[in-house]
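Accompanying notes for the structure given below.
All of the numbers you see were taken from the coordinates with simple rules; none came from a lab. This is a predicted model, so every value here is computed, not measured. Methodologically, a virtual Cβ is constructed for each residue, glycine included, from the backbone with ideal geometry; neighbour enumeration extends over all protein chains shown.
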Amino acid sequence: MNQLLSPSRILLAKLGKSGTQQLNHCALLSYSKRLSATEADPDEYGYQPDPIEHAWGLERKMLIARLKGDDRYEPKIYYRADQTTRDYPNLVPVHYQDKVVGCLCEPDGESINYWHLRKGDTKRCECGHWFKGVQADMDSFC
């Protein structure tokens, strides 16, 4: 009785297929009884490792540091001072010879002005603020 009322046979009967045509089209019109992936059992399909167990090298070191609260691997956002001059610029830590600096000139602006800032140089942004590249602590990555 179950074979007579299977969904594929009902669809074939509605399409008017019979005989060998019905056998050829059964595989095409059958559907899966498993409707979602929530039925998967971890014991049956295996164990997925924790991201820290799966990672190695620098990636593992970064994940462990992030869990400990050390955010040296995260990008830093520095807020500029309200009034800057050539003598009192915003200090930007530079690890190598130069760094890409972005300045959001207007508070409600949508574009960011980017430029290269060399260690020891002082540059002025289009908005009038001054920035100076200074030697950064080598233990901090930013």
For the stretch 90-135 the mean separation of alpha carbon contacts under 8 Å (6+ apart) over residue count, i.e. relative contact order in percent, is 44 percent
Give me the distance in nm between label points sitting 7 Å out from Cα along the Cα-to-Cβ direction at HIS116 and ILE52, one decimal.
4.0 nm
On full extension of the chain, what length is gained from GLU126 through TYR45, given 0.36 nm per residue of separation minus the C-alpha to C-alpha distance?
23.3 nm
Identify the GluC sites (Glu not before Pro) of the stretch 51-129 meeting these criteria: DSSP loop state and at most 12 other C-beta atoms within 10 Å of the C-beta.
GLU110, GLU126
Could you list HIS116, HIS129 in order of exposure, starting from the residue whose Cβ has the fewest other Cβ atoms within 10 Å?
HIS116, HIS129
Low-density loop trypsin sites (Lys or Arg not before Pro), the stretch 44-142, at most 12 other Cβ within 10 Å, DSSP non-H/G/I/E/B, are LYS76, ARG86
For the table LYS68/LYS119; LYS61/LYS99; LYS61/LYS132; LYS76/LYS119, the rows whose alpha-carbon distance is greater than 29 Å are LYS68/LYS119; LYS61/LYS132
Using a Förster distance of 22 angstrom, determine the FRET efficiency expected from the C-beta separation of ASP98 and ILE77, and round it to 0.05.
0.70
